[in-house]
Amino acid sequence: MSFLPSLESPQTIDVSLGPQHPSTHGVFRMNVTLDGETVTRLQPVFGYLHRNHEKIAEGNSWLAAMPYTDRLDYICPLTNNWAYALAVEKLAGIEVAERAEFIRVITAELTRLQNHVAFLGFVLGDMGAWGTALMYAFREREKILDLFESLTGARMMCNYMRFGGCRCDLPPGWLDTTRKLVDGFPKFLDEMEALLTGNEILLARLQGVAPMTADRAINGGMSGPVLRAAGVDYDIRKVDNYGIYNRFKFRVPRGTVGDCYDRFMIRVLEARESVGILKQAIAVIPEGPVVNPKAKQRGFRPPAGEAYGRIEGPKGELGFYLIADGSDKPYRFRIRPPSLINLTLLEELCVGTKIADVMVILGSIDIVLGEVDR
Amino acid sequence: MISSLESAPIDVLHWFLGLLGSFGVPAWILAIISALIIIGTIIGVFLSLFALTSVMERKILARVQNRYGPNRAGPFGLFQPIADGIKMITKEDLVPRTADWIVHFLAPVVMMVPALLVLAIIPYGRDMVPAELDAGILYFFAVGAGTEVAVFMAGWGSNNKYSVLGAMRAIAQMISYELPLVISAIVTAMISGSLSPSAIVSAQGGFAFGFVPQWFALTPWGFTAGLIFYICALAESNRSPFDLPEGESELVAGHLTEYSGFKYATFFMAEYVGMFAICGMFVTLFLGGWQAPLPFLDIIPSWCWFLGKVCFVAFTMIWVRATLPRLRIDHLLAFAWKFLLPMSFAAFLSAACWHYAGRGPLAWILSLAIVGIPYLLLGNAFTNRFSVSRRTYLFSE
Amino acid sequence: MIFPGSGILKGLAVTARNFAGSYVEKDRLTTEQYPEERPKLPEAARSFPFLVYDGDNPETGMRCVSCKICEKECPPQCIYIIQDRDEAGKAIKRPKVFDIDISVCMSCQICVEVCPFESIRMDQDYELSSFDRFGSLILDKPKLLKSNSYYHSIHPTEAAETDGRIEADRLKKEAAAAAKAAKAAAPSVVSASSSSSQQEGKP
Amino acid sequence: MNDVLEAIRTALPQAIVELVNNPGPSAQHSLLVGRKDARAVAEFLRDSLGFDFCSNVSGVDWPPRKVKETVLNTEMVDGVEKEIKTTVERDVPGYLEAVYHLYSIRNKTGPVTLRVRTGDRDADVSVHSLTPVWKSADFQEREAFDLFGIRFDGHPDLRRILMWEEFADHPMRKDYMAPDDFEYEPTPHDKILAKVKARTEAA
């Protein structure tokens, strides 16, 4: 046996988890120092999927940045679209068509549903449950992706939102299919909960693992479900009231301990709230144009200025910071990636836990490498 | 016809040996030939069972997960193991440059040998025990423990950090689970008064009220001991939820990380044969061995019953694998030492009470209480120990 | 928790139900057996762009006028156009070379949106894999040009709308030309017919 | 924004803080904080005004530019520049800027935009790190360091984050030129390709 001695002490070994590893959600890498099974040091390494999205967007027209946003968090392209469209609308002061606002809410909540159920599957995969939960999750996600395909033409790379609205109207019968899916969704969530949330092994694996206090979570820049699991009542849909979220009644769940189990359950509860929002939105969606006719897409030149627009993405606060200099290209195009910033506290959370917990903690934060590395 | 089907394998063997004997082959050669034929048959049966299971496992897992599973190679994908075998054999056999190549090479062999050896003492049917040992159970556990060495050799010889971690986990896990495994097996030996598997099987013969089989698994102590044995069997054969040594999502493939090609296939095969052996032991000890569950079903030959029961137990193992997430190493060890071990002692006591209380209604009540109360107490204490609780969540409008 | 292990049993019940259900309920098994079963694509589905031509002759019926707006707007810059020239070297409204590198194309549909001549549209063919990384993934003009009736077969609603728009355009132009003709003298009839010749040949 | 500015000025009279007007419709004005005072202002914002959440940290590159009129200019210097209606060209020295977007989770207010500017963008590129104030700035400041080359003094672990350690340049700067061969890497296939080429040429 001839390992290189660890940097820390001869008692420990350094293991490079990733970038090729079954459960680092892509090409994420962690340099972990292990004392037996216990993690004594953890250093995340990024950049294996870096493609300098921001530079690409700064070299293209305002519209041409839209399809690239699909590729940030490729699990939920429509919320990325919305965040970018929202920032540009703030920047240029564009009104959004009424019907488009409803379509945005519906698609965004569908995205949240499919992200959260996929999350449940991924976490179980990280715990070694042989993909059963993942397959159930993907069975339902498939139906939502089919809806996206019939609406936007693509299952994942939707490129659907436009400045001032959406690209095209809903195809005939789409709302009925969606209503049927939404009505059946709580049944699926019940099935998932019967499979998962009572399971003693799962409870033992999740409860008490890597708790996070509210203050630490806020200071560490956590956002979205991770922040709310730590007991902070902060949902940008409520706080910023962007879109038309103030017209819908929904509740914001929050955890008490902030451990992996809370992060896990917050997703389940949020998915149930999303079902409620969807039902309300489908019931009252008005007719009308889907894009503001005054908004220009091609050759769009917003006035000089800057804007920071953010939405409550399924993974957390997704923000776009745009500076326009009056030309047809963004002067500065900055993405606030929730996946990356939610990893800020990863080392704090992981040190002292077992190596098997590292995967669960990473899974419970819910990252997508397309967004972490951009 | 029925009796001939029942003893068909033995009859064929005797007929063949008689044929050879009529040519004047000396008796000692006949004994060797007989042993070789038996060994060949058992290995053949179990390897084809392994092939069948490897595809059935994937199909069952797939169906549990609402998929089709392998269905391209041959009818219903049944030729999948052949395709897999060809793939495995034609793959490059990689040995890391820094590996201890002797240990690396020997590990799969050492893994395979005990898995095959333990098949010798299992009674496959009425009067069908390849090696009738008086201390068969002792032999089973003594030889079966050899796999631990193999796993550690694989982990150590690979010179890979994941492998070493996996091997360390495997040692900790297997040694911890060996103890409740043996104690729960001893319970049956205690009741039947023999360490011979055949004697244990015949102790489970007969039917209460004419239709309830007197299998040990249908008594309170036997159920408890059987469950413990089953859980430990999962752990001993490294199957989910106790697949920590492989620990796919954490340790890539644990001790198998640096294995490829035929060596990997050997490991795979050994694990499945080992799993069948321990399933066979479980059936022998708790599910009445080769005995039919109902009197009139005796018309089906005993060895069919045995194989059927083994396949059923293997199916439940696949089912468990499809359902449960993996344990963590500290939970795993705590579960073995703080729950399974006390519970197996309780089963031990319970069996003693059962025996001395006359195996009647009183015995039922007593032995049920002796395993039930510790179960509830220990179980709740154990779950509280890991702060497993239902939580309520706050909502803000 | 009163009965330890009850959660595990509940989970086992769920998986058992799914195991049995996958043989009975059709909507549990979502897998499509691909080469035998093919998914029915929704009308909006898109793969890679193609060029629409009217009538039977791809060269003359081409709607593309080589304005290069798509080339400019394409986010990954996978479109490459060279304008055609006649013998005198004068530019004519037709591309000489129109290449799309679909190994780079990201199917974003922005070229379709920005095309003012309803010329570039999204295909639905998804079986484009090839052994040649460079040659067969660059679609040139003959490969890109597909007839309007093909367009109608994959996107019927959208194609009908497009045809309506083109028809309305043509009528408007004809009306304008007729008004011009009425206003001016006789010889302007020729120019009116030539201006509408580009949009002829719709089904 | 004005009351935040007032509060800072009352509490920290010696700090250099000025309001940068945003001419766009979003009207998100920002506070330009002097390099030396950034830490104190940040701590005051967090502890006294409740801006406990640093949402976004981004670097911005402003290369040296000539200012003739107000047309092409951005909001940074507009407020001052607009008054001078001379057509004299004036050199604005280049600088890098770190922009922090702060929210208050406690009071549910925000955003407050803080801007900190470096000196000359080649020689004097350090500002105070705000990671000790908001841990969430950790990776984002590393990113600004990596892609823009802003040095954050006092950052606990200032390393490249997205680019590899050996990489020398700062790719998000406006004057960064991407090498045109970055996708090329010699592979064993090169030999085969050369052989194929030779064979096809010979044939």
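When A:V182 is tested against (1) over 28 Å from B:L324 (Cβ atoms); (2) within 14 Å of chain D (Cβ to nearest Cβ), just one condition goes unmet, and that condition is (2).
Among the residues of the range C:83-102, none qualifies, meaning not one is touching a residue at least 40 places away in the same chain (Cβ under 8 Å), in a helix (DSSP H, G or I) and touching a helix residue (DSSP H, G or I) at 6+ places or on another chain (Cβ under 9 Å). Put simply, of A:E191, A:E149, A:E142 the only residue that is under 21 Å from the mean Cα position of the chain (by Cα), over 30 Å from A:R298 (Cα atoms) and facing another protein chain (nearest Cβ under 9 Å) is A:E142. Looking only at residues in the range A:332-362 that are within 18 Å of D:D157 (Cβ to Cβ) and hydrophobic (A, V, I, L, M, F, W, C), the one that is surrounded by the fewest Cβ atoms within 10 Å (Cβ to Cβ) is A:V351. Residue count for the range B:378-397 satisfying the condition of being surrounded by fewer than 17 Cβ atoms within 10 Å (Cβ to Cβ) and either assigned by TED's automatic domain parsing to the domain that holds B:F223 or in contact (Cβ under 8 Å) with a residue 12 or more places away in the chain (or both): 1.
A search for C-beta distances below 6 Å between a residue of the range B:347-358 that is free of Cβ contacts under 8 Å to residues at least 12 places away in the same chain and any residue that is in a helix (DSSP H, G or I) and open to solvent by 60 Å² or more (accessible area, probe 1.4 Å), counting only pairs 6+ apart in sequence or on different chains, returns B:A357/B:L366. Name the residues in the range A:319-364 that are within 13 Å of chain D (Cβ to nearest Cβ) and β-branched (V, I, T), would you? Answer for the range A:319-364, where residues must be within 13 Å of chain D (Cβ to nearest Cβ) and β-branched (V, I, T): A:I323, A:I335, A:I341, A:T344.
Residues considered: A:N31, A:N52. Of these, the only one that is open to solvent by 30 Å² or more (accessible area, probe 1.4 Å), within 14 Å of chain D (Cβ to nearest Cβ) and of a type in the set (S, T, N, Q) is A:N31.
Screening the range B:192-272 for helices (runs of 4 or more DSSP H) wholly inside it with 2 or more residues that are of a type in the set (G, A, S) and assigned by TED's automatic domain parsing to the domain that holds B:T147 returns the ranges B:197-203, B:220-236. In the range B:270-292, of all residues being within 12 Å of the chain's Cα centre (by Cα) and open to solvent by 10 Å² or more (accessible area, probe 1.4 Å), the one that is nearest to B:E57 (Cα to Cα) corresponds to B:Y272.
Check the range C:18-35 and report whether any residue there is more than 14 Å from chain B (Cβ to nearest Cβ) and surrounded by fewer than 17 Cβ atoms within 10 Å (Cβ to Cβ). No, because not a single residue in the range C:18-35 is more than 14 Å from chain B (Cβ to nearest Cβ) and surrounded by fewer than 17 Cβ atoms within 10 Å (Cβ to Cβ).
In the range A:216-241, which residues are in contact (Cβ under 8 Å) with a residue 60 or more places away in the chain and of a type outside the set (K, R)?
Within the range A:216-241, A:A217, A:G220, A:G221, A:M222, A:S223, A:G224, A:P225, A:V226, A:L227, A:D235, A:I236, A:D240 qualify.
Residues in the range B:14-58 that are of a type in the set (S, T, Y) and surrounded by 15 or more Cβ atoms within 10 Å (Cβ to Cβ) were compared, and the one that is modelled with the lowest pLDDT is B:S34.
Count of the range D:1-42 residues, restricted to those that are under 20 Å from the mean Cα position of the chain (by Cα) and in contact (Cβ under 8 Å) with a residue 12 or more places away in the chain, is 24. Checking A:A137, A:A210, A:A154 one by one, the residue that is more than 9 Å from every other protein chain (Cβ to nearest Cβ) and under 19 Å from the mean Cα position of the chain (by Cα) is A:A137 and no other.
Taking first residues from the range B:308-333 that are facing another protein chain (nearest Cβ under 10 Å) and of a type in the set (S, T, Y) and partners that are open to solvent by 10 Å² or more (accessible area, probe 1.4 Å) and part of a loop (DSSP other than H, G, I, E, B), the Cβ contacts under 9 Å between residues at least 6 apart in sequence or on separate chains come to B:T323/A:W130. Total residues in the range A:41-78 satisfying the condition of being part of a helix (DSSP H, G or I), hydroxyl-bearing (S, T, Y) and in contact with a Phe, Trp or Tyr (Cβ under 8 Å, 6 or more places away or on another chain): the figure is 1. Take A:D373 and decide whether it is more than 14 Å from chain D (Cβ to nearest Cβ) and either within 23 Å of D:A137 (Cβ to Cβ) or among the aliphatic types (A, V, I, L, M) (or both). Taking the combined requirement at face value, the residue does not satisfy it.
Under the condition of being of a type in the set (F, W, Y), farther than 10 Å from D:F51 by Cα and open to solvent by less than 10 Å² (accessible area, probe 1.4 Å), the residues counted in the range D:95-133 number 1.
Taken together, A:E58, A:E8, A:E37 contain a single residue that is of a type in the set (D, E) and either at pLDDT 85 or above or crowded, with 23+ Cβ neighbours inside 10 Å (or both), which is A:E58.
Table: residues versus (1) part of a helix (DSSP H, G or I); (2) at pLDDT 85 or above; (3) crowded, with 24+ Cβ neighbours inside 10 Å.
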| residue | (1), (2), (3) |
| --- | --- |
| A:F185 | yes, yes, no |
| A:A194 | yes, no, no |
| A:G208 | no, no, no |
| A:D215 | yes, yes, no |
| A:M222 | no, yes, yes |
| A:G231 | no, yes, no |
| A:K249 | no, yes, no |
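Do the conditions hold for B:S176, that is, is it open to solvent by less than 10 Å² (accessible area, probe 1.4 Å) and either free of Cβ contacts under 8 Å to residues at least 12 places away in the same chain or within 14 Å of chain A (Cβ to nearest Cβ) (or both)? No: the conditions fail for B:S176.
Go through B:F223, B:F242, B:F229, B:F276 for me and flag whichever is closer than 26 Å to B:A203 by Cα, hydrophobic (A, V, I, L, M, F, W, C) and within 14 Å of another protein chain (Cβ to nearest Cβ).
B:F223
The values are calculated or read from the model by the stated rules, or taken from the named source; none is laboratory data. Keep in mind the model is a prediction, meaning the values are calculated, not measured. Note that we place each Cβ from the backbone using ideal geometry, even for glycine, and neighbour counts take in every protein chain shown. What goes into the accessible areas is simple: the full protein's heavy atoms, side chains included, and nothing from ligands, DNA or RNA. Shrake-Rupley method; radii C 1.70, N 1.55, O 1.52, S 1.80 Å.
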